[in-house]
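Novice: Structure incoming, see below.
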Amino acid sequence: MTTTETTVAAITTNEFVFCTAASLVLGLIIAFAFNFRQKKTKSFMMTLALLPVIVQVVIMLVNGNIGTGVAVMGAFSLVRFRSVPGSAMDICAIFLSMAVGLATGTNHLALALMLAVCVSLLNIIYTLLPIGKKKSGHKDLSITIPESLDYTEVFDDIFEKYLSECELVSVKTTNMGSLFKLRYRIELKGDANEKKLIDELRCRNGNLEIMCAVAADIEEQSF
């Protein structure tokens, strides 16, 4: 007859305080690093700063105790994230905070320090590098036209006169199908006048709504 024994590792007060302090400091480093030149909310920064401590405490409580581990796994399976979807970088920051919490919870403080500092520095370096930046001349042009107007070639001569790049991004019907909304990604020529471009487009589309704005960020997809 085989007897299975479960050994629970004892957690000393000094060990708990030291690991908790390390988690708090590393969490702050991660929070400030991922807020560098980015507009993050206060609640998101607080989450990044406190998440390592929470994960660390859970890991220390579960360490060596199978029954507690099963109970915690069941509790976490009930959690549902109902907040606004974050960007890819937000997901990366959350996983980093969790990884640091796992490392401090298993008393691998040197590994946690190296992980937090290295990834935070890489994030700052990549933020400073001009990677994935769109051209400053790119703009979004939205034109409303009546349904009777064939949009395929109606503006070609005007676009050729004022634009160096032009791409039809989307076509949308509006006003019970009586109007079309065309959205273009454009880039003006160096000597082109934006007002003259809009004036000629107004004459062509029957003086309906036209909007020209800085191109929206489409590189960073939400998860």
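The values are calculated or read from the model by the stated rules, or taken from the named source; none is laboratory data. Everything numeric in this text was worked out from a predicted model, so none of it was measured. Note: ideal-geometry Cβ built from the backbone for every residue, glycine included; neighbour counts use all protein chains shown. Just the protein is used for accessible areas: all its heavy atoms, side chains included, with ligands, DNA and RNA removed. Shrake-Rupley method; radii C 1.70, N 1.55, O 1.52, S 1.80 Å.
Novice: Would you mind stating whether Leu78 is open to solvent by 40 Å² or more (accessible area, probe 1.4 Å) and at pLDDT 65 or above? I'd like the intermediate steps shown before the answer.
Specialist: Values: open to solvent by 40 Å² or more (accessible area, probe 1.4 Å): yes; at pLDDT 65 or above: no.
Judged against the criteria, Leu78 is not a match.
Novice: Could you run through segment 42-75 and say how many residues are open to solvent by less than 40 Å² (accessible area, probe 1.4 Å), modelled with pLDDT under 65 and more than 28 Å from Asn14 (Cβ to Cβ)?
Specialist: So the answer is 1.
Novice: So which residues in segment 141-159 are touching a residue at least 12 places away in the same chain (Cβ under 8 Å) and either open to solvent by 70 Å² or more (accessible area, probe 1.4 Å) or in contact with a strand residue (DSSP E or B) (Cβ under 8 Å, 6 or more places away or on another chain) (or both), if there are any at all? Before the answer, list the steps.
Specialist: Of segment 141-159, the ones touching a residue at least 12 places away in the same chain (Cβ under 8 Å) are 141-147, 149, 151, 154-155, 158-159.
Correct list: Leu141, Ser142, Ile143, Thr144, Ile145, Pro146, Glu147, Leu149, Tyr151, Val154, Phe155, Phe159.
Novice: Is at least one residue of segment 110-122 among the polar types (S, T, N, Q), buried (at least 16 other Cβ atoms within 10 Å of the Cβ) and in contact with a Pro (Cβ under 8 Å, 6 or more places away or on another chain)?
Specialist: So in segment 110-122, the residues among the polar types (S, T, N, Q) come out as 120.
Filter again for buried (at least 16 other Cβ atoms within 10 Å of the Cβ), leaving 120.
This time we only want the ones that are in contact with a Pro (Cβ under 8 Å, 6 or more places away or on another chain), so: none.
No, there is no match, as no residue in segment 110-122 is among the polar types (S, T, N, Q), buried (at least 16 other Cβ atoms within 10 Å of the Cβ) and in contact with a Pro (Cβ under 8 Å, 6 or more places away or on another chain).
Novice: Every residue in segment 161-211 that is among the charged types (D, E, K, R), touching a helix residue (DSSP H, G or I) at 6+ places or on another chain (Cβ under 9 Å) and open to solvent by less than 70 Å² (accessible area, probe 1.4 Å), please. Talk me through it step by step, then tell me what you get.
Specialist: Taking segment 161-211 and keeping what is among the charged types (D, E, K, R), we get 161, 165, 167, 172, 181, 183, 185, 187, 189, 191, 194-196, 199-200, 202, 204, 209.
Going one step further and asking which of them are touching a helix residue (DSSP H, G or I) at 6+ places or on another chain (Cβ under 9 Å), we end up with 161, 189, 194, 196, 200, 204.
Matches in segment 161-211: Glu194, Glu200.
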